[in-house]
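Trainee: So that we are looking at the same thing, I have put the structure below in structure tokens.
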Amino acid sequence: MIGREKKRLISPGSYLAVAALLPFVGSLYYFVFAGDSLLGRVCYGLVKGFTLFWPLIVSYWILKQPFPLRQDSRIPFLRSLVEGGFVGLTIGTVILLAMMTPLGALARDSADAIGGKVDDLGIRAHYWAFALLLSFGHSLLEEYYWRGFLFAQLVTRIPRYWAHIIAGVAFSLHHIVICTQYFNLGWGILLGGSVAIAGILWSILYQRHGHFWGAWISHILADLALMYIGAQLIFP
């Protein structure tokens with residue numbers, strides 16, 4: 001009985017549950033409770049280190065599998081990048097057009113709070129360097145983790161549509177935490193939760209292409225659109 005319980009506790013599902021939820025729990029601490037304290041910055045760094053190393057630990061030392069898992073694809077690599085670029089341009093266009101709706105007024109009302117966070121981080125004078133690092137580097141880390149690891153593992157264990165939904169929702173959770181710091185709870189959940197749609201689109205690209213590079217191109221373009229809006233808000 002004890003052996004069976006131990007086996008259940010360390011099942012692959014347990015490792016994937018940790019992967020899906022720890023970034024969300026970490027964001028609650030470093031973004032809500034700890035704020036700009038030293039512990040908050042340490043927690044942020046630990047969470048990012050976790051997203052970098054946890055897929056490798058689980059794949060090579062626990063599941064004894066190669067990483068990243070390869071998906072079957074008949075799409076040429078260049079075509080996958082073009083498809084990713086098209087999806088990214090579409091998402092970016094939707095983001096920019098949203099600024100012409102009441103959402104734009106809502107974002108402008110939050111400009112002071114967003115600018116204050118930029119000042120707290122000390123990046124106002126280097127905004128575009130930060131924006132490019134986030135758009136290219138951080139998006140790569142997220143694609144590596146959420147699509148290349150979490151979705152790729154889920155889709156081998158549960159029906160495909162559930163893998164898309166669970167990975168997309170898990171990806172959106174820490175974005176909800178961030179959005180609720182600048183908008184009221186309802187809008188924060190709506191805006192942060194909409195990231196799940198992008199996550200599902202990117203996991204569809206991942207499965208279609210057999211790798212996350214096309215999704216990464218799409219993610220870059222979406223983040224650049226958001227960084228452009230951020231610049232409009234903090235440098236009016």
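Trainee: Are there DSSP H segments in the chain that both extend 30 Å or more along their axis (alpha-carbon positions) and score a mean Kyte-Doolittle hydropathy of at least 0.0? List them, or say none.
Mentor: Numbers: long enough: 77-98 (32 Å, 1.65); 213-234 (31 Å, 1.25).
Helices meeting the span and hydropathy rule in the chain are 77-98, 213-234.
Trainee: Calculated FRET efficiency, L39 and L132, Cβ-Cβ r, R0 30 Å, to nearest 0.05? Show your work: numbers first, answer last.
Mentor: On the way: r = 28 Å, r/R0 = 0.94.
It comes out at approximately 0.60.
Trainee: I've got another one for you. Label-point separation (nm) for A105 and D120, each offset 7 Å from Cα along Cα-to-Cβ?
Mentor: Distance between label points: 2.7 nm.
Trainee: Using the scaling law 2.2 N^0.38 Å as the reference, what is the normalised Cα Rg of the chain? Could the numbers behind the result be given before it?
Mentor: Details: Rg = 18.5 Å, N = 236, 2.2 N^0.38 = 17.5 Å.
In units of the globular-protein estimate, the chain measures up at 1.05.
Trainee: If you scale each eigenvalue of the Cα gyration tensor by 5 and take the root, what three semi-axes come out for the range 80-142, rounded to whole angstrom and sorted largest first? Please list the in-between numbers first.
Mentor: Numbers: eigenvalues 119, 81, 11 Å².
In descending order, the three semi-axes are 24, 20, 8 Å.
Trainee: Something else now. Expressed as a whole percent, how much of the Cα-Cα distance distribution for the range 93-225 exceeds 28 Å?
Mentor: Working: 1804 of 8778 pairs.
Tail of P(r) above 28 Å: 21 percent of Cα pairs.
Trainee: Also, I was wondering about something else. Can you list the trypsin sites (Lys or Arg not before Pro) in the range 23-64 that are in a DSSP coil and have 11 or fewer other beta carbons within 10 angstrom?
Mentor: Working: sites: R41, K48, K64; in loops: K64.
Taking the range 23-64 and a limit of 11 other Cβ atoms within 10 Å, the loop trypsin sites (Lys or Arg not before Pro) found are K64.
Trainee: Taking the Cβ of each residue in W146, W54, W61 as the centre, tally the other Cβ atoms inside 10 Å and list the residues starting with the fewest. Don't jump to the answer; show the numbers that get you there.
Mentor: Numbers: W146 27, W54 19, W61 8.
Lowest count first: W61, W54, W146.
Trainee: If you plug each phi of the range 134-151 into the Karplus form 6.51 cos²θ - 1.76 cosθ + 1.60 with θ = phi - 60°, what whole-Hz ³J(HN,Hα) values come out, in order, with x for Gly and Pro?
Mentor: Calculated HN-Hα couplings, in order: 5, 5, 9, x, 5, 5, 5, 4, 5, 5, 4, 7, 6, 9, x, 10, 4, 4 Hz.
Bear in mind these aren't lab numbers, they're just calculated from the coordinates by the rules spelled out. None of the values given here were measured: they were computed from a predicted structure. Every residue, glycine as well, gets a Cβ built from its backbone with ideal geometry; the counts of neighbours run over all protein chains shown.
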